[in-house]
Each structure stands twice: as structure tokens, then as C-alpha cells.
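Reviewing the structure listed below.
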Amino acid sequence: MKDTYQSITKPSPEVLFKDRNSKFFGYAFPIKTEDEANAHLEELRAKHHKARHWCYAWQIGKEEHQYRANDDGEPSNSAGMPIYGQIQSFDVTNILIVVVRYFGGVKLGVGGLINAYKTAAQMALEASDIIKRTIDEVFIVKFDYPEMNKVMQVIKQNNLNVIDQKLELDCKIYIAVRKKDAESIFEKFDNTYKVEISKMED
């Protein structure tokens, strides 16, 4: 079971690839939604308002992936798909890559365009800080205050990540558990007297 994914934590530095007077500026951004992707595109369109094309590809999702690739007026499949190909080859998700082109007066042909967009996307990814993360399940553990020691013991023994807690007379602790360990951790709490555990739905 694959329970890790790779992404970036912050936008990449701007990179530049040149071919026969055309300039291709590459950018990578961490995103979680299509709206976030659109907001970054708007910013780049404002920043590079004299450019000719703003081609991009994004992929969202840790296990089930959604993606989009856009040629933005370049010949079909000469820009968006080469950019998306780099997202796949670097095995990253929750990411947007944009390549902004300034036309230099010389046509590059489809082969030249594919190479330029692919290279600018690759450069943006190479300049990015790519990190591996685990895919986690979040559980809510409910119990009365007297059961606190038992619960804390399980948390400590299994080195669990507590992401939130409400400790009053009736207590709730939210824990994030790596997907491959989720079932065994669920059972540990489920088999603990007077402790309730449930999975938090997204």
C-alpha cells in the first residue's frame, strides 16, 4: 500500500530557459485546490502582462489524482502535456507549474516548443524543495477524564501525532496516523475499556 506522496512546501525560484530569442520563465507552486492554481495564474498574467503565452499543468490529490494541462494558444499538446509529463516524472502532487513565454520573433516548431516547455518545467522542479510526506488517517479518540492515563500511554508507546485536543470532563484527542498503521492503532484504542475511537471524514 502506497502511503507516501511528494510535494513542495513553497514556490520555486523563477527559472529561465531561452531558445532562439524566445524566453520561457518557469514557476512551481504548492496548491491544494484549482482555485489556488487560478489565483497564481492571475498573478503571473499581471506580472508578465507583455508575454504571449501562460501555459501550465497542475495535479492535486494524494491518492486519487486530478490534473489539468493547458496549452494556452500554443499548438495542441506542445506545452501543457510536456509540463504535466515533468510533474509525473518527478512524482509530485499538489503542485502547479506555469511556463510563461515571451515570443522572440523566430518560430520554434512543435518539437522546439515541446523541448522548451519540458525544460523550463524541469528546471522549476529542480529548483524546488521536494519533500516526501505520509498519507495519514485522522482519528478522534473520545473518553472521560479518568481514562486519560490509559489513552496517553497508547499515544506515547506508539509515538502518535496529536493534532488537536480538548481535555475537559469528556475529552477528545485528534490523532494523525500513517495509513499503513491505521488499522492496528484503531484496534488498540477500540479494545481499550471506556475509550471510543472514530475515523474523521474529510
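The values are calculated or read from the model by the stated rules, or taken from the named source; none is laboratory data. Quick caveat, the model's predicted, so the values are computed rather than measured. Cβ placement follows ideal geometry from the backbone for every residue including glycine, while neighbour counts extend to all protein chains displayed. Note: accessible area is taken over every heavy atom of the protein model, side chains too, but ligands, DNA and RNA are not part of it. Shrake-Rupley method; radii C 1.70, N 1.55, O 1.52, S 1.80 Å.
Out of (1) in contact (Cβ under 8 Å) with a residue 60 or more places away in the chain; (2) open to solvent by less than 60 Å² (accessible area, probe 1.4 Å); (3) more than 30 Å from residue 69 (Cα to Cα), the odd one out for residue 175 is which?
Condition (1) is where residue 175 drops out.
Which ones in the stretch 127-172 are open to solvent by less than 50 Å² (accessible area, probe 1.4 Å), among the β-branched types (Val, Ile, Thr), in contact with a helix residue (DSSP H, G or I) (Cβ under 8 Å, 6 or more places away or on another chain) and not in a helix (DSSP H, G or I)?
135, 141
Within the stretch 70-108, take every residue that is open to solvent by 40 Å² or more (accessible area, probe 1.4 Å) and assigned to a strand (DSSP E or B) and give me the one that is nearest to residue 25 (Cα to Cα).
Step one: list which residues in the stretch 70-108 are open to solvent by 40 Å² or more (accessible area, probe 1.4 Å), which gives 70, 72-73, 75-77, 81, 88-91, 102-103, 105-107.
From what is left, the residues that are assigned to a strand (DSSP E or B) are 70, 102.
On the way: 70: 16, 102: 8 Å.
Checking each candidate, the answer is 102.
Could you run through the stretch 1-44 and say how many residues are exposed (fewer than 13 other Cβ atoms within 10 Å of the Cβ), among the polar types (S, T, N, Q) and under 15 Å from residue 126 (Cα atoms)?
The number of residues fulfilling the criteria is 1.
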